[in-house]
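To keep things clear, I will list the structure first and then write my remarks on it.
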Amino acid sequence: MHSWAGYLDEREEILALLWQAGGGIIVSGDRHEHATVKFPPPPGSGYPMEHTVIEFSTSPLSFFYQPFVREYVEHAETDVTIYQHPKGSSKFGVFDFDSTGTVWTVQFALVYVHKWRPSTVQ
């Protein structure tokens, strides 16, 4: 499985724990595309919107082109796609975590290559 599709019950358990803890970040991979998705607490759950969980998912560095559609599919009404990028032969994410202030921040950059051009060393 290259998404939560086969694990929706387990995903809800993990999200419920993160909403209860005040929110969080999930870093995942092996999706053959990039998706940044937020999971706000469901209406009526009692959790404030500040407890939203954000997932950053990218393909493996050893990614190879696959000709099928690789777009992120939202599985529940609470899945909110922030950004999705299926193209590129290789993708990885770079994180910068800052916990020095009273409000912690995370910056994320997506690095990707559309066409692989190997170099020759002689």
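The values are calculated or read from the model by the stated rules, or taken from the named source; none is laboratory data. Since the model is a prediction, treat every value here as computed from it, not as a measurement. Heads up, the Cβs are rebuilt from the backbone with ideal geometry, glycines too, and the neighbour counts pull from every protein chain shown. Each accessible area value is taken on the protein alone, full model and side chains, heavy atoms only, with ligands, DNA and RNA left out. Shrake-Rupley method; radii C 1.70, N 1.55, O 1.52, S 1.80 Å.
Odds and ends about this structure:
- Some residue of the range 70-83 being at pLDDT below 90, open to solvent by 40 Å² or more (accessible area, probe 1.4 Å), within 23 Å of Asp98 (Cα to Cα) and of a type in the set (Val, Ile, Thr): yes
- Pairing residues of the range 39-61 that are of a type in the set (D, E, K, R) with residues that are surrounded by fewer than 20 Cβ atoms within 10 Å (Cβ to Cβ) and assigned to a strand (DSSP E or B), at Cβ distances under 9 Å and at least 6 apart in sequence or on separate chains, gives Glu55/Ile25; Glu55/Ile26; Glu55/Val27; Glu55/Ser28; Glu55/Thr36; Glu55/Lys38.
- Some residue of the range 10-26 being open to solvent by 50 Å² or more (accessible area, probe 1.4 Å) and either at pLDDT below 90 or part of a loop (DSSP other than H, G, I, E, B) (or both): no
- Within the range 79-100, the set of residues being touching a residue at least 60 places away in the same chain (Cβ under 8 Å) and of a type in the set (Ser, Thr, Tyr) is empty.
- Of all the listed residues (Gly88, Gly101, Gly93), the sole one being open to solvent by less than 70 Å² (accessible area, probe 1.4 Å), at pLDDT 70 or above and part of a loop (DSSP other than H, G, I, E, B) is Gly101.
- The set of residues from the range 29-59 being open to solvent by 40 Å² or more (accessible area, probe 1.4 Å) and at negative phi comprises Gly29, Lys38, Pro42, Pro43, Ser45, Tyr47, Pro48, Met49, Glu50, His51, Ile54.
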